[in-house]
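A quick write-up on the structure given underneath.
The values are calculated or read from the model by the stated rules, or taken from the named source; none is laboratory data. Just so it is clear, the model here is predicted, and its values are computed rather than measured. Glycine gets a Cβ as well: all are built from the backbone with ideal geometry, and neighbour counts include every protein chain shown.
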Amino acid sequence: MSEPTDDSRRLRVIVADDQAAVREPLAAVLGMSEDIEVVAAAADGTEVLAAVAAAPADVVLMDLRMPVMDGIETTRRLSEEHPQIAVVVLTTFADDESILAALGAGARGYLTKNAGRQDIVRAIRAAAAGQAVLDREVQDRLLATARARPSATERVLPPDLTRREREVLTLIGQGLPNRAIAEKLFISEATVKSHINNLFAKAGIRDRPDAVRRAIAAGLA
């Protein structure tokens, strides 16, 4: 993917972390990408919401454990009040409770702080494009949890999904965009969109990040 050079197309990012030693270098490193502009750095959730109120943003790179207002509550507030802003969690915590709470609050991505700069940049770009991005460690953890629960697929998904709809949901859960899904299944993008519309309606799936969560919970991804 080529990086845009037109400033009007740069992704506006807020970096939220209560540790200045993490927040400031991270903001500086991200600012080196030609298609990313760090518009604010916040030490807690209230500062994130203030920054969003002051200027437009596309993505918030969100720590979870912050004082005053933590990352989970901030993500929930953003999802409710500013649904156009994507949240990518960047945290040291990869336990089930933290992951499920963040995704349930509306986070579109979840990375651990072992992620490198390029991983973070790719996650920001993907989240801004409406795609869900999960760290491999996070995916493995969710998958292990799902597999430990008997009949997870039956509990999470309705029984009337077709085989093709389940295949599409599996590939969404793996983070593939529509074009890649079409190539994988040897069908057109229009057909992929039709399957997605049908499975979203049948399963009550809200959006693509929700589809990823459901696929993982059902043990499909």
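Quick one: in segment 168-221, which of the residues that are of a type in the set (Lys, Arg) and under 17 Å from ALA127 (Cβ atoms) is surrounded by the most Cβ atoms within 10 Å (Cβ to Cβ)? Quick ask: steps written out before the conclusion?
First, the residues of segment 168-221 that are of a type in the set (Lys, Arg): 179, 184, 193, 202, 206, 208, 213-214.
From the residues that got through so far, the ones that are under 17 Å from ALA127 (Cβ atoms) too are 206, 208, 213.
On the way: ARG206: 12, ARG208: 19, ARG213: 23.
Only one residue tops the list, namely ARG213.
For segment 57-65, does any single residue satisfy the condition of being among the charged types (D, E, K, R), crowded, with 23+ Cβ neighbours inside 10 Å and part of a loop (DSSP other than H, G, I, E, B)?
yes
Within segment 102-129, count every residue that is surrounded by fewer than 17 Cβ atoms within 10 Å (Cβ to Cβ) and farther than 17 Å from LEU26 by Cβ.
Total satisfying the criteria: 2.
Just a yes or no: is a residue in segment 140-151 of a type outside the set (Phe, Trp, Tyr), modelled with pLDDT of 75 or more and within 16 Å of ARG214 (Cα to Cα)? If you could, list the steps in order and put the result at the bottom.
Start the filter on segment 140-151 by keeping residues that are of a type outside the set (Phe, Trp, Tyr), which leaves 140-151.
Keeping just the survivors that are modelled with pLDDT of 75 or more gives 140-141.
Next, from what is left, pick out any that are within 16 Å of ARG214 (Cα to Cα): 140-141.
Yes, segment 140-151 contains a residue that is of a type outside the set (Phe, Trp, Tyr), modelled with pLDDT of 75 or more and within 16 Å of ARG214 (Cα to Cα).
What are the pairs, 6+ residues apart or on separate chains, where a residue within segment 200-221 that is under 15 Å from ARG166 (Cβ atoms) and in contact (Cβ under 8 Å) with a residue 24 or more places away in the chain has its Cβ under 9 Å from a residue that is among the basic types (Lys, Arg) and surrounded by fewer than 21 Cβ atoms within 10 Å (Cβ to Cβ)?
ALA217/ARG149; ALA217/ARG155; ALA218/ARG155; ALA218/ARG166; GLY219/ARG147; GLY219/ARG149; LEU220/ARG166
Tally time: how many residues in segment 19-29 are more than 21 Å from the chain's Cα centre (by Cα) and buried (at least 18 other Cβ atoms within 10 Å of the Cβ)?
0
Just for segment 66-99: of the residues that are without any contact (Cβ under 8 Å) to a residue 40 or more places away in the chain and among the small types (Gly, Ala, Ser), which one is surrounded by the most Cβ atoms within 10 Å (Cβ to Cβ)?
In this case the residue turns out to be SER98.
Taking GLU80 and the conditions (1) of a type in the set (Asp, Glu); (2) more than 22 Å from VAL212 (Cβ to Cβ); (3) in a helix (DSSP H, G or I), which numbered condition does it fall short on, given that it satisfies the others?
Among (1) of a type in the set (Asp, Glu); (2) more than 22 Å from VAL212 (Cβ to Cβ); (3) in a helix (DSSP H, G or I), GLU80 violates only (2).
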